[in-house]
Amino acid sequence: MSISTILSRIQFAFTIGYHYLFPQFTMGLALLLVILKILYLVRKDERYNTAVHFWGKIFAVTFVLGVVTGIPMEFQFGTNWALFSSYAGGIIAQTLAMEGAFAFFLESAFLGLFLFGEQTIGQKGHLIATILVWLGTWLSGGFIIASNAWMQHPVGYTLAHGRLSISNWGAVMTNPWILPQYLHTMSGAVVTGAFMMTGLGAFYLLSKRDIDYGRMFVTLGVIVGLIASVFQLYPSGDMEGLQVAAYQPTKLAAMEGLFQTQSGAGIVILGQPDASKGTIDNPIIIPNVLSFLTYRQWTAVVQGLDTFPADQRPDAVEMVYYSYHIMVGLGTLFIAITALALLLLWRGKLFQSRWMLWILMLATPFPYIANTAGWFTAELGRQPWIAFGLLRTVNGSSPLLSTGNIIFTLLGFAGMYLLLGLLYILMVVIEALKGPEKSAKEPMEEEGDMGLLSGQG
Amino acid sequence: MSTLWFILVTFMLTMYVLLDGFDLGAGIIHLIAARTDSERRFILRAIGPVWDGNEVWLIAAGGTLFFAFPLLYASSFSGFYLPLIIVLWLLMGRGVAIELRSRIPLGVWASFWDGIFFIGSSLLAIFYGAALGNVIRGVPLNAQGYFFEALWTNFNPFNSNPGILDWYTILTGVLAFFALLTHGANYIALKTEGKLNERARRISRVGWFITIPLAALASFATFTVQPQVYTSFAERPWGIIFPLIALLGLLGAGFFNFRKRDLPALLSSGTFILGMLACSAFSLYPLVLPAANHVNSLTITNASTSQYGLVVGLIWWSLGMFLAAIYFIITYRRFRGKVTAAASQEY
C-alpha cells in the first residue's frame, strides 16, 4: 500500500474518530432531553425543565463541534478517496445526500427553536421541537449507517464502464447490514449520553452541591445506562456478531484472534496476538464458546484466518483484535457498573455510597473509548476492502495526491482539533461548575461570577 | 435528466451562496459596522439562529453533487485538495467563533473570536470566488478525468501552468468578497436599527461602488479565459437573460440603498449574485469542469451517474427540499424583524 494511501487512511480515521466523539454524545443526550422534557410535563416539577435548559446548553456546544468536525467528512471522500468516490459515488452518495436533505435541515431548524423559542412556541411546542431534534440526530445516524453498511455489504448495484451505479434503491435502503449496526450504534450513543449524565450527577453528589440535580441525573443516567448497556450485548451485539460471521468471516476471525480453523473454537478473553506466528501469547480461552456464539452449536467449525488467502485478510489483525476486545471488555464493565448502581438505588443506598459515586464519575470517559473501539473494529476489520469484495482500499485513494499535501493537512487537522478539544472541554467545565440552576437561568452575559476563569471575581 | 440535475445542483449551490453569503458578509463587515461589544452581539444574533441552517445547503449540495456527478465530485475535490481543506478549516474556525465568542465575558476572549470571525468570513468569500473562477477557467484534467493543481505558481498571467490562484481567479475572489460584503451589509441593515443600521447602509454603498467595476472587469476577463462562454451565448442567445438579471440586481442594490429600503436592497444584491452564478453555470453548460485540453473536459454526460440513480434521486430530493422549505419558512418567520436588545443577549 502506497504511503499516500496510508496517510489518507490515517487522516480519515483520525478526523472521523474525532468527529464521532461529538455526535455519539448528542444522539444519546437528545433522547435524555426528550425524557426530561416529558418528565417535566407529566410531573410539573420545574427542576426537570431547568435540567432541560442546562443539558440543552451542553447539547448546543457539542452540536456545534459535531457540525464543524462533520463538514470535512462530507468532503474527504472526494479529496482523499477520489477513485472510490467516482467508482461508488452513484450509490454511497445517495444516502449521504439524503442525510443532508432529511436530517441536517431538520436538526438545524429545530435546534434553533429548541434553544431560543420556548417562550413563543409554548411547552407543548417545545416538547415537539425537542423530539424533532432527537429525531433529526437519529435520522442522521441512520443515513450514515446506511452508507457504511453498503461499504460493509454492497447490494443493489450494477457495474458498467468501471463504475458502479445504483440498480435497486430499495435494496440499498433495506440492506440487511443496516438494522443490527444501527441498533448497536444508537444504543452505544445512549450509553455515552447516560454515562455523561450519571458522571456529572455523581460529581455534584460527591461535591455536596446541586444535590437535587445530582440525584436526578444519577437516577435517570443509571436506569437508561443499564438498559442501553444490556441492549448493546443482547440483542444488538449478538445480531452484529451473527451478521459478521455470515458476511465477513475474515473480520470475525481477526476480531477473535482465530488464526486456525477449528471445530469447537474457544473464545479468547485475554492474550496478545502474534500475527506472524499465528498464535495468541498468554492466552485465557474459554473452549467452545465462539462456536456456540457464532453458530449456536458447541462444536461448529469456525473459519480461521488461515482459510483465506493473505491478500484477503485485514492488514492490521492485532488492531482489529484489540479494538474488539476493548469494546467488549468495556461493554461488560458498563453492565456491571450500572447494574450494581441500580441495585443500590433500588435499596435506597446509592446516594450515600460514595465509593459507587466515585466509580460512576470516573466511568464517564469509557463509553467514548468503547464506541471508538467499536468503529475501529468495523472499519479495520473491513480491510483490505473499501467496498467489501468489490474495491480494495489501495485502489480507492486519490490518484494524483502527493504525500506532502496529505501530511500538511493531517498536521493541520491535528492542531485544529487539539484546539477545538481544549475549547470544548473548557466550555463544558464552565457550564458544569456553574451548575444547573445558575447555568439555565442566567443569561450568558452575567457569567462574571466565574471568578476563577474570568478573573473578574 | 443529467441536465435537470445540473440545474438542481446549481440551484443548491446558489441557495448556499445566497444564504450563507449574507452571514459571511456580516462577518466581513462586523469589525467596522459594530464598534462595541453590544453592537457585535446584535450582528451575531442577526445571523445566530440561521447560519447553521444556511451552511447545511453547502453540505446538502456537496452530497447531491457527489451522487449525481460522482466523477466531478471526485475529480474536483481531489484536484482542489489544499484550498478545499483550508476552506474546511475556515468554516470550522468561523462556526466556533460565532458560538463561543460570548460564552466567556472577557474582552480579550471576545476580541480574539471577532478576529477569527472576520478572517474566516473574508477568506471564505475570496476562496469561493476563486473556486468559481477555477471552474470557469478550467483545470489540467488528464484522460482519466483527474488533475492536481498547486495553490499558486508564479502569478505570471502568460504562464501556461497557472495555480489555483492566478490573476483571473484572484479577480473573481475579490469580486466575490465585495459582492458578499454588500449582500451582508444589506442583511445587517435590514435586521438592525439606529447607528448600526446607518453604518451597514454606508458599507453597503461603498461595497456596491467597488463591485461595479470589478463585475465589469471579471465579465470581460471571463470571455478571454474560457472560449466556451462565446459558444454558449452564440448557441443559446436566450441566455442573455442571466447577465441582465445580474445587472438588474446590481442596479437595484444601489437604487434601494440610496432610498434606504433595506429589504429590496437585500433582495437586489441577492438577485445580482443569483444572476452571476446562473450566468456562470449557463456559460459552462454542458461542461461541468472544462479541461485545458478540451477532449478531457468533464461534461454532464460523462460525469453523471446512471439514469436510474438520477430518477430515484429526484423523488426523494423533491420531498427533502419540500420539507427543507417548510423548516426555513418556520425559522425565518420565527426570527423575522429587527433584532431586539433582549434577543441580542442570547449571543
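The residue that is farthest from residue B:288 (Cα to Cα), among those in the stretch B:49-60 that are out of contact with any Lys or Arg (no Cβ under 9 Å at 6 or more places or on another chain) and within 8 Å of another protein chain (Cβ to nearest Cβ), is B:50. Test residue B:154 against the stated conditions and say whether it is more than 10 Å from every other protein chain (Cβ to nearest Cβ) and without any contact (Cβ under 8 Å) to a residue 24 or more places away in the chain. When the stated conditions are applied, residue B:154 passes them. Between A:346, A:358, which is surrounded by fewer than 17 Cβ atoms within 10 Å (Cβ to Cβ) and within 27 Å of residue A:235 (Cα to Cα)? Answer to the check: A:346. Of everything in the stretch A:370-401 that is within 13 Å of chain B (Cβ to nearest Cβ) and among the hydroxyl-bearing types (Ser, Thr, Tyr), the residue that is nearest to residue A:196 (Cα to Cα) is A:397. Here the stretch A:402-448 is the region considered, the condition is being at pLDDT below 60 and within 10 Å of another protein chain (Cβ to nearest Cβ), and the residue that is nearest to the chain's Cα centre (by Cα) is A:444. Among the residues of the stretch B:73-127, those that are surrounded by 24 or more Cβ atoms within 10 Å (Cβ to Cβ) and more than 30 Å from residue A:59 (Cβ to Cβ) comprise B:73, B:74, B:75, B:76, B:77, B:78, B:79, B:80, B:81, B:125.
Only a single criterion out of (1) touching a residue at least 60 places away in the same chain (Cβ under 8 Å); (2) assigned to a helix (DSSP H, G or I); (3) closer than 27 Å to residue B:194 by Cβ is not satisfied by residue B:339, namely (2). A search for C-beta distances below 7 Å between a residue of the stretch A:334-346 that is within 18 Å of residue A:192 (Cβ to Cβ) and any residue that is polar (S, T, N, Q), counting only pairs 6+ apart in sequence or on different chains, returns A:334/A:229; A:335/A:229; A:338/A:229.
Take residue A:147 and tell me if it is assigned to a strand (DSSP E or B), within 11 Å of chain B (Cβ to nearest Cβ), among the small types (Gly, Ala, Ser) and within 28 Å of residue B:302 (Cα to Cα). No; evaluated as a whole, the condition is false for this residue. Candidates B:332, B:347: the one that is within 14 Å of another protein chain (Cβ to nearest Cβ), assigned to a helix (DSSP H, G or I) and either touching a strand residue (DSSP E or B) at 6+ places or on another chain (Cβ under 7 Å) or closer than 30 Å to residue A:122 by Cβ (or both) is B:332. Going through the stretch B:189-217 one residue at a time, which ones are closer than 15 Å to residue B:256 by Cα and among the hydrophobic types (A, V, I, L, M, F, W, C)? The answer is B:189, B:190, B:200, B:203, B:206, B:208, B:209.
Checking A:158, A:192 one by one, the residue that is in contact with a Gly (Cβ under 8 Å, 6 or more places away or on another chain) and either outside any loop (DSSP other than H, G, I, E, B) or of a type in the set (D, E, K, R) (or both) is A:192 and no other.
You will find that of B:194, B:207, the residue that is over 25 Å from residue B:138 (Cα atoms) and modelled with pLDDT under 90 is B:194 and no other.
Condition check ((1) touching a residue at least 40 places away in the same chain (Cβ under 8 Å); (2) more than 26 Å from the chain's Cα centre (by Cα); (3) crowded, with 24+ Cβ neighbours inside 10 Å) across all residues:
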| residue | (1), (2), (3) |
| --- | --- |
| A:70 | yes, no, no |
| A:86 | yes, yes, yes |
| A:94 | yes, no, yes |
| A:116 | no, yes, no |
| A:128 | no, no, no |
| A:148 | yes, no, no |
| A:154 | yes, no, no |
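Only a single criterion out of (1) surrounded by fewer than 20 Cβ atoms within 10 Å (Cβ to Cβ); (2) farther than 23 Å from residue A:109 by Cα; (3) modelled with pLDDT of 95 or more; (4) more than 18 Å from the chain's Cα centre (by Cα) is not satisfied by residue A:8, namely (1).
One residue stands out in the stretch B:306-318 among those that are more than 8 Å from chain A (Cβ to nearest Cβ) and of a type in the set (A, V, I, L, M, F, W, C): the one that is farthest from residue A:86 (Cα to Cα), namely B:315. Restricting the search to helices (runs of 4 or more DSSP H) fully inside the stretch B:222-291 and requiring at least 1 residues that are among the hydrophobic types (A, V, I, L, M, F, W, C) and more than 20 Å from the chain's Cα centre (by Cα) gives B:228-235, B:241-258.
Would you call residue B:103 at the interface with chain A (Cβ under 7 Å from one of its Cβ atoms), under 17 Å from residue B:344 (Cβ atoms) and either at pLDDT 90 or above or assigned to a loop (DSSP other than H, G, I, E, B) (or both)?
Numbers: at the interface with chain A (Cβ under 7 Å from one of its Cβ atoms): yes; under 17 Å from residue B:344 (Cβ atoms): yes; either at pLDDT 90 or above or assigned to a loop (DSSP other than H, G, I, E, B) (or both): yes.
Considered against the rule, which asks whether it is at the interface with chain A (Cβ under 7 Å from one of its Cβ atoms), under 17 Å from residue B:344 (Cβ atoms) and either at pLDDT 90 or above or assigned to a loop (DSSP other than H, G, I, E, B) (or both), residue B:103 comes out as yes.
The sole residue among A:186, A:196, A:173 that is under 24 Å from residue B:309 (Cβ atoms) and either without any contact (Cβ under 8 Å) to a residue 60 or more places away in the chain or within 26 Å of the chain's Cα centre (by Cα) (or both) is A:173.
For the stretch A:19-28, indicate whether the set of residues that are buried (at least 24 other Cβ atoms within 10 Å of the Cβ), over 19 Å from the mean Cα position of the chain (by Cα) and at pLDDT 95 or above is non-empty. Checked against the condition, which is being buried (at least 24 other Cβ atoms within 10 Å of the Cβ), over 19 Å from the mean Cα position of the chain (by Cα) and at pLDDT 95 or above, the stretch A:19-28 yields no hits at all. Among the residues of the stretch A:218-243, those that are modelled with pLDDT of 95 or more and hydrophobic (A, V, I, L, M, F, W, C) comprise A:218, A:220, A:222, A:223, A:224, A:226, A:227, A:228, A:230, A:231.
Going through (1) touching an Asp or Glu at 6+ places or on another chain (Cβ under 7 Å); (2) under 25 Å from residue B:89 (Cβ atoms); (3) touching a residue at least 40 places away in the same chain (Cβ under 8 Å); (4) among the β-branched types (Val, Ile, Thr) one by one, residue A:64 falls short only on (3).
Just so you know, in the stretch B:75-91 the residues that are touching a residue at least 60 places away in the same chain (Cβ under 8 Å) and out of contact with any Asp or Glu (no Cβ under 8 Å at 6 or more places or on another chain) include one that is farthest from the other protein chains (Cβ to nearest Cβ), and it is B:83.
The values are calculated or read from the model by the stated rules, or taken from the named source; none is laboratory data. Note that the coordinates shown come from a computational prediction; the quantities given were computed from them, not determined experimentally. Cβ coordinates were reconstructed from backbone atoms using ideal geometry, including for glycine residues, and neighbour counts include every protein chain displayed.
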